[in-house]
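Only the coordinates and a few stated rules stand behind these numbers; no lab work does. Remember, predicted model here, so these are calculated numbers, not experimental data. Cβ sites come from the backbone with ideal geometry, for glycine too, and all protein chains shown count toward neighbours.
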């Protein structure tokens, strides 16, 4: 009786700190002939130039993934670029527990800028608490160690947490996972996020019951702390509005990095056990128009939690995260608020 050989293991991602010769050499050495290039929103203007550089340096045919990129969980699928034998993803680190369907080269776009002494002086002048936890976007992770040393010289106690299997580095932030910060929350009085924009600081504020400041390392601009209370009250109101919902829609993403069908099935059973009906809806990229006219009272979103937390007002019916759904059913209390962490 013959047996089939074991399937080949999925390819491990290749990781590069910056765009340039090291990446080009690897793509060329690996014999890649068709490459799909994905860039984050901040580099869309440069996408054509980057594709031309990659094409010229490697001899590969390069296409650009045109749709918006939301993170490392949202890399180009095989269906989007069926002929590509590799993907080059800019601005993100790989998520260790996400299986890749094809060889993928992650270029983290590490940013060496930022003066630790000047940044520490800004923090001192602002009077932040003396016990701080540091969290950073992947581009600024290289600044965590020297800034920790600079703050320690000024008498501060700094903690850096290590997250679960979804995070590649200590101190790293993902929009769906702040377990590194959660692991040290009891040891600090506040958190400082290193990076730009409000996306990660807002997520961090949902995840930890501590004040969250954010610092742009390149501009040395410190933003005021986020009002976590206002964020949580807004979400508790959404839960209250959905408590009487009898017909639920459970949303599941087909993206490999966001798919939580087992969670959706468990929530469906929970709803049915509480006398509700629950239909599972599968999508790739969710658009509010996709949910218009459907005969449901509320939705629970098992894809990226930020769809509900950041964009919930865009949808025609209340949109909850799985923990908020359990709050609406009465299975969890409203307080303390629970962030929907991806593990």
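Data for the structure
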{"item": "Cα-projected label distance for residue 247 with residue 189, points at 7 Å along beta-carbon direction, nm", "result": "5.3"}
{"item": "Relative contact order %, the range 14-107, counting alpha carbon pairs below 8 Å whose residues are six or more apart", "result": "37"}
{"item": "Helix-derived mean residue ellipticity, 222 nm - over the chain, DSSP H n ≥ 4, -39500 (n - 2.57), to 500", "result": "-8000 deg cm²/dmol"}
{"item": "Whether the range 116-226 is rounded, prolate or oblate, judged on the alpha carbon gyration tensor where a/c under 1.5 counts as rounded", "result": "rounded"}
{"item": "Contour excess over end-to-end distance, with Cα ends at residue 311 and residue 145 and 0.36 nm allotted per residue", "result": "56.3 nm"}
{"item": "Mean separation of Cα contacts under 8 Å, 6 or more apart, over the residue count of the chain: relative contact order %", "result": "13"}
{"item": "Calculated FRET value between residue 48 and residue 21, using beta carbons and R₀ = 22 Å, to 0.05", "result": "0.60"}
{"item": "In nm, spacing of pseudo-spin labels at residue 198 and residue 126 (7 Å Cα→C-beta vector)", "result": "1.5"}
{"item": "Calculated diffusion of the range 229-329, Stokes-Einstein form, Kirkwood radius summed over Cα pairs, 37 °C and 0.692 mPa s, µm²/s", "result": "245"}
{"item": "Relative contact order of the range 116-226, defined on C-alpha pairs under 8 angstrom at six or more residues apart (%)", "result": "27"}
{"item": "Virtual spin-label span in nm between residue 219 and residue 343, 7 Å along Cα→Cβ", "result": "3.8"}
